[in-house]
Amino acid sequence: MSARRLKPKITAPIFAALGDETRLRIVARLSAGGPMSIAHLTRDASVTRQAVTKHLHVLAHAGLARSARLGRESVWELQPEPLDAARRCLDGISAQWDAVLDRLKTFVED
């Protein structure tokens with residue numbers, strides 16, 4: 001799938017959410033450890049629970065995470081589908097660059 005076929009409105013919020021180092025670390029932790037509570041996500045972290053909560057809401061708005069109540073806690077889990085969309089977008093961009101570089105190589109060698 002080419003990058004042009006993916007609508008920017010779909011992938012832009014994903015890239016914006018992943019553009020923050022803290023949110024990227026949260027995504028990595030959820031990816032490696034499965035669903036986690038905010039208390040677990042803030043363990044050994046340099047950010048407060050309130051900050052993690054705000055970052056989780058940004059991820060949720062981008063479709064990258066969702067929460068569910070488990071007793072008195074909210075447990076957050078990663079939603080991989082938007083990451084797949086972002087990967088397809090980057091694959092399309094990569095293919096376009098490969099094609100441009102191949103044309104440039106052919107032009108330079110001729």
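Only the coordinates and a few stated rules stand behind these numbers; no lab work does. Quantities reported herein were computed from a predicted structural model and do not represent experimental measurements. We place every Cβ from the backbone using ideal geometry, glycine too, and count neighbours over all the protein chains shown.
Which far-off residues, 5 or more places away or on another chain, put their amide H under 5 Å from the one on S74, with H placed in the peptide plane?
I38
Counting alpha carbon pairs within less than 8 Å and at least 6 residues apart, what relative contact order, in whole percent, applies to the chain?
Across the chain, relative contact order equals 36 percent.
Using the beta-carbon distance between H57 and L83 and R0 = 25 Å, what value does 1/(1 + (r/R0)^6) give for FRET efficiency, to the nearest 0.05?
So, using R0 = 25 Å, E works out to roughly 0.90.
Using the Cα gyration tensor of segment 47-97, with a ≥ b ≥ c the square roots of its eigenvalues, what is the shape: rounded (a/c below 1.5), prolate (a/b larger than b/c) or oblate (neither)?
Prolate is the answer for segment 47-97, as a/c is 1.5 or above and a/b outweighs b/c.
Give me a comma-separated list of calculated 3J(HN,Hα) values for segment 96-103, in order, Karplus coefficients 6.51, -1.76, 1.60 applied at θ = phi - 60°, integers in Hz, x for any Gly or Pro.
Each residue of segment 96-103 in turn: 5, 5, 4, 5, 5, 5, 5, 5 Hz.
Taking R0 as 35 Å, what FRET efficiency do you get between R69 and A95 from their Cβ-Cβ distance, rounded to the nearest 0.05?
0.25
For segment 12-19, take each phi angle, set θ = phi - 60°, evaluate the Karplus expression 6.51 cos²θ - 1.76 cosθ + 1.60, and give the result in whole Hz per residue in order, putting x for glycine and proline.
Computed from phi, the couplings for segment 12-19 are 4, x, 5, 5, 5, 5, 7, x Hz.
Please compute the net charge surrounding D102, taking Lys and Arg as +1 and Asp and Glu as -1 over other residues with Cβ under 14 Å from its Cβ.
Cβ neighbours under 14 Å give a net charge of -1.
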